[in-house]
1. Which ones in the range 97-124 are assigned to a strand (DSSP E or B) and more than 15 Å from the chain's Cα centre (by Cα)?
2. Any chance the range 295-314 includes a residue that's on the phi < 0 side of the Ramachandran plot, surrounded by 15 or more Cβ atoms within 10 Å (Cβ to Cβ), assigned to a loop (DSSP other than H, G, I, E, B) and modelled with pLDDT of 95 or more?
3. Name the residues in the range 181-222 that are out of contact with any helix residue (DSSP H, G or I) (no Cβ under 9 Å at 6 or more places or on another chain), farther than 20 Å from residue 234 by Cα and in contact (Cβ under 8 Å) with a residue 12 or more places away in the chain, would you?
4. Restricting to the range 59-74, what's the tally of residues that are outside any helix (DSSP H, G or I) and buried (at least 17 other Cβ atoms within 10 Å of the Cβ)?
5. Of the residues in the range 130-160, how many are closer than 14 Å to residue 100 by Cα and under 20 Å from the mean Cα position of the chain (by Cα)?
6. Filter the range 132-148 down to residues that are at pLDDT 90 or above and farther than 19 Å from residue 300 by Cα and give me whichever is surrounded by the fewest Cβ atoms within 10 Å (Cβ to Cβ).
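The values are calculated or read from the model by the stated rules, or taken from the named source; none is laboratory data. Keep in mind that this is a model prediction, so the values were computed, not measured. Reconstructed Cβ throughout: ideal geometry from the backbone, glycine too, with neighbour counts over all protein chains shown.
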């Protein structure tokens with residue numbers, strides 16, 4: 001499955017009516033003389049309200065940088081429910097392009113990694129990325145009609161992804177989970193400060209402890225000082241994933257701020273995802289098992305835990321029409 005973003009501004013919408021041109025008077029209005037200093041001051045104030053931002057001082061150390069992020073996410077005390085618009089395009093194994101352009105989406109997340117991300121049309125859900133904490137999956141219908149799934153404990157974060165949108169990196173790109181890096185944690189990051197560029201640098205390692213790449217998390221140099229970019233690189237410095245996050249806003253019923261705009265790119269495959277969140281709120285009434293593994297599936301199934309050469313792990317692929325519970 002290969003993914004690329006469809007071109008065009010999928011969120012654009014034409015406004016009704018014809019606004020007056022700059023300087024045009026409303027019917028019946030009389031001109032009013034405005035002094036140049038007063039006009040200049042009004043323009044400066046309007047520009048400041050539209051674009052001025054309060055600088056955020058650089059974090060003094062790793063602990064302070066992590067506290068900015070994790071302290072904010074501590075406000076997500078219940079499942080997070082989001083309504084959004086999503087656009088993406090992917091290419092299947094046969095090379096055919098499939099597009100989701102400006103579709104409505106629903107995203108529900110609960111720590112540590114329970115996620116239901118539905119792409120919806122008027123006919124219902126047409127694609128889903130899901131995780132129940134033990135397993136993850138992606139299914140797409142009706143054109144592709146295929147389910148990809150795997151177990152989290154078999155996912156190699158340093159391995160070559162079997163699908164173009166690696167599930168662990170997609171979860172990380174949403175920036176909804178606290179970052180690792182306690183004082184005695186081997187995964188504790190480094191802090192790099194260069195003028196107004198503040199970055200946490202994580203060294204990614206294999207199970208054996210060998211370096212296999214780095215992750216850079218750039219904090220905004222302006223308030224609220226939260227992550228605005230995540231970059232994953234391989235040992236040679238090539239970008240594996242780049243996520244841009246922005247337009248942080250408060251979650252309803254919570255003190256937490258979450259991004260409202262995401263652009264996530266996987267350059268090697270050309271995969272890209274654009275997500276615009278229109279509403280975010282906590283849903284404490286949702287049960288812990290709100291996201292259920294699709295135990296029955298009527299189309300194709302591919303296990304991402306199998307090697308490309310066959311089932312050398314000793315466990316067969318699940319039945320096409322019924323997956324293990």
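1. The answer is 97, 98, 99, 100, 101, 102, 103, 104, 120, 121, 124.
2. Looking through the range 295-314, none of the residues is on the phi < 0 side of the Ramachandran plot, surrounded by 15 or more Cβ atoms within 10 Å (Cβ to Cβ), assigned to a loop (DSSP other than H, G, I, E, B) and modelled with pLDDT of 95 or more.
3. 193, 196, 197, 220, 221, 222
4. Of the residues in the range 59-74, 1 are outside any helix (DSSP H, G or I) and buried (at least 17 other Cβ atoms within 10 Å of the Cβ).
5. Qualifying residue count, the range 130-160: 2.
6. That would be 134.
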